[in-house]
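The values are calculated or read from the model by the stated rules, or taken from the named source; none is laboratory data. This one's a predicted model, so the numbers in the text were calculated from it and none came from an experiment. Note: ideal-geometry Cβ built from the backbone for every residue, glycine included; neighbour counts use all protein chains shown. With ligands, DNA and RNA removed, areas are computed over all heavy atoms of the protein, side chains included. Shrake-Rupley method; radii C 1.70, N 1.55, O 1.52, S 1.80 Å.
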Amino acid sequence: MKRSVLIYQSIALITLAVAFILFWSFSKGTPFVESGLTFDETAADSYSVLQENLYRMVPILLGSIFFSIAIAFYLEEWLAETSWIYGIIAQQITILASIPSLLYGLLGLYFFVLQSEKGSFFTHALTFVLLVMPITIQSTQKAIRGVDISVREAAFALGANRWRVVVDHVFPNAFPTIVAGICTAISRVLAITALIIIVYIWKEHTLQSGDTFNIPSSVIVLLSFALLSSVISSFLEKKTNLT
Amino acid sequence: MQSRKTDPILQVHNLNVWYGKDQILKNLTFDVLPKQVTAFIGPSNSGKTTLVRCFNRLNDLALNFKLTGQILYKGDKLYTPKLKASKISRQIGMIFQKPIPFHKSIYENVAYSARLRGVKQSTQLDTTVEESLRKAQLWQEVYKDLQASPDILSNGQQQRLCIARALAGAPEILIFDEPCEQLDAAETPKLEAIVQSLKNRYTLIFVTNKRRQAARVSDVAGFLYDGELVEFQQTEQIFTNPKDKRTENYVTGRLG
């Protein structure tokens, strides 16, 4: 009862906020869309290429979300926690998920904007998959672990096999948390897309031919720091667990 | 009271169980005869729950679980790689300490285990649900609205719903693992009455740490202490004339 009231309240608040933004933007002549920037013809051309590239990522995104959920269920339900493979995969996922999305954004920037001629569909897809999959897998894993062990035991005791337990009990119980995780992943993607578009516009207007960008090297430096920090944190975690 | 001729439904030979390095059960040997109530009593951490979880292979889920010795169910080995745990738990039902209704309607909760064993026709499902709820003595309280969520039921009613759900799976053995632990005083006699009424159709195994309850409901009782089966015999014997000093201390309240 109380929970549903809270949900309605938050829906109302969000609707109000969206209505306000829409009203504000229309009354001011859509400042988000027409930011006073105008493209010359060639720039507009390459902008539509960028748009197309981004739209082509939608099926990739949906696919990788679906795949991530499947992976998380496989890891948690079928690959036992004691298995050494589980440990290795879980650690890799943790490291990838703990890298700030900004760094993936820079990666995306490199492939989508700065290397737009060279960047292939594959590299674009890889950027988005890297952005979405680790965080979705991790949140789904947490959702699966959050399902009460007693529910599983009750189902097993009635004679349900592993598959039935997952389909009938674990998935329905974990579903709201899984959706919340997907929302987080999508918001990451949206933020990065916004970043790519903004930097693209900025680049088209300020960058003269002959200017060089050193984003790739700085990305590598930042990525290695992120990797180092997550390795250290997982090492510390293991050490504190032992004592 | 019981026929000596009947074959035991469960035979346990030299059962040892470890969780990692801790030995939980030490060299247990006994037979469970069909259509009577076998109780296991003992202080907490004596291995009662671990023992009954061996019967429906629920321990398979635990990490580092290791078992030696043999359990025979109707003469067949319970622990062989060929036999799936789900097949066993369909024939050996279990009621837990805490009532665990699923997030489905009352009807769907009971129908779930019937569906698991392959019942598909809706008329057959209806009769199974009604029969099971009647056997669990819950029908009178819920028949008006079977589509209601079990959340509206009291703790005791939920536990009876779990009994109905287990019965709908048509098990041969029904294990009660301290089923009254979380129930209020008024519900306990109802549950004991259900146990008595089920006795002539099912084999019942009853785990409890309440001595008097074991004396009331069971025909045969086993006293577990620190993983050992100290004594296993007729309930009357165990409570009035125990052979072992430790059993005597426990049933008289000096131990545990």
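When you go through B:Ala39, B:Ala85, B:Ala62 one by one, which is the residue that is over 14 Å from A:Ala154 (Cα atoms), touching a residue at least 12 places away in the same chain (Cβ under 8 Å) and within 11 Å of another protein chain (Cβ to nearest Cβ)? So that I can check it myself, show each step before the final result.
Working: B:Ala39 fails: within 11 Å of another protein chain (Cβ to nearest Cβ); B:Ala85 fails: over 14 Å from A:Ala154 (Cα atoms).
Exactly one residue qualifies, and that residue is B:Ala62.
The residues in region B:132-146 that are surrounded by fewer than 19 Cβ atoms within 10 Å (Cβ to Cβ) and in contact (Cβ under 8 Å) with a residue 40 or more places away in the chain can be counted, and the count is 2.
Sort out for me the strands (runs of 3 or more DSSP E) sitting completely within region B:14-90 that have 3 or more residues that are open to solvent by less than 10 Å² (accessible area, probe 1.4 Å).
The qualifying strands (runs of 3 or more DSSP E) are B:22-32, B:37-41.
Considering A:Ala125, A:Ala174, A:Ala143, the condition of being part of a helix (DSSP H, G or I), over 28 Å from A:Glu52 (Cα atoms) and away from chain B (no Cβ under 14 Å) is satisfied by A:Ala143 alone. Within region A:152-165, being facing chain B (nearest Cβ under 7 Å), open to solvent by less than 20 Å² (accessible area, probe 1.4 Å) and part of a helix (DSSP H, G or I) holds for A:Ala154, A:Ala157. Go through (1) in contact (Cβ under 8 Å) with a residue 60 or more places away in the chain; (2) closer than 30 Å to B:Phe176 by Cα; (3) touching a Lys or Arg at 6+ places or on another chain (Cβ under 9 Å) and name the single condition A:Arg162 misses. Result: A:Arg162 fails condition (3) only.
Taking region B:163-172, which residues are among the aliphatic types (A, V, I, L, M) and either surrounded by fewer than 22 Cβ atoms within 10 Å (Cβ to Cβ) or in contact with a Leu (Cβ under 7 Å, 6 or more places away or on another chain) (or both)? Within region B:163-172, B:Ala164, B:Ala166, B:Ala170 qualify.
Cβ-Cβ distances below 8 Å connect the following pairs, each with a first residue in region B:231-249 that is assigned to a helix (DSSP H, G or I), a second residue that is buried (at least 20 other Cβ atoms within 10 Å of the Cβ) and polar (S, T, N, Q), and a separation of six or more residues or different chains: B:Thr235/B:Ser218; B:Ile238/B:Thr247.
Each residue in region B:91-106 was checked for being open to solvent by less than 30 Å² (accessible area, probe 1.4 Å) and more than 7 Å from chain A (Cβ to nearest Cβ), and 6 of them qualify.
Within the bounds of region B:147-162, is there any residue that is aliphatic (A, V, I, L, M) and open to solvent by 70 Å² or more (accessible area, probe 1.4 Å)?
Quick first cut of region B:147-162, residues aliphatic (A, V, I, L, M) only: B:148, B:152-153, B:161.
If we keep only those that are open to solvent by 70 Å² or more (accessible area, probe 1.4 Å) too, we end up with B:152.
Yes, some residue in region B:147-162 is aliphatic (A, V, I, L, M) and open to solvent by 70 Å² or more (accessible area, probe 1.4 Å).
What do you reckon, is B:Phe96 out of contact with any Gly (no Cβ under 7 Å at 6 or more places or on another chain), within 30 Å of B:Asp7 (Cβ to Cβ) and modelled with pLDDT of 90 or more? Please lay out each step first, then the result.
Values: out of contact with any Gly (no Cβ under 7 Å at 6 or more places or on another chain): yes; within 30 Å of B:Asp7 (Cβ to Cβ): yes; modelled with pLDDT of 90 or more: yes.
Yes; evaluated as a whole, the condition is true for this residue.
Scanning region A:93-107 finds no residues that are in a helix (DSSP H, G or I), surrounded by 15 or more Cβ atoms within 10 Å (Cβ to Cβ) and more than 16 Å from the chain's Cα centre (by Cα). Would you be able to tell me the number of residues in region A:1-56 that are modelled with pLDDT under 65, among the aliphatic types (A, V, I, L, M) and loosely packed, with under 10 Cβ neighbours inside 10 Å? Selection size over region A:1-56: 2.
Would you check if B:Ala111 is in contact (Cβ under 8 Å) with a residue 40 or more places away in the chain, over 16 Å from B:Asp177 (Cα atoms), open to solvent by 20 Å² or more (accessible area, probe 1.4 Å) and within 14 Å of another protein chain (Cβ to nearest Cβ)? Write out each step before concluding.
Values: in contact (Cβ under 8 Å) with a residue 40 or more places away in the chain: yes; over 16 Å from B:Asp177 (Cα atoms): yes; open to solvent by 20 Å² or more (accessible area, probe 1.4 Å): no; within 14 Å of another protein chain (Cβ to nearest Cβ): yes.
Here the answer is no, as B:Ala111 does not meet what is asked.
Working only within region B:22-77, note down all residues that are in contact with a Cys (Cβ under 8 Å, 6 or more places away or on another chain) and farther than 23 Å from B:Ser218 by Cα. Scanning region B:22-77 gives a single hit, B:Leu67.
Going by the conditions given, is B:Arg201 of a type in the set (D, E, K, R), open to solvent by 10 Å² or more (accessible area, probe 1.4 Å), touching a residue at least 40 places away in the same chain (Cβ under 8 Å) and at negative phi?
On the way: of a type in the set (D, E, K, R): yes; open to solvent by 10 Å² or more (accessible area, probe 1.4 Å): yes; touching a residue at least 40 places away in the same chain (Cβ under 8 Å): yes; at negative phi: yes.
When the stated conditions are applied, B:Arg201 passes them.
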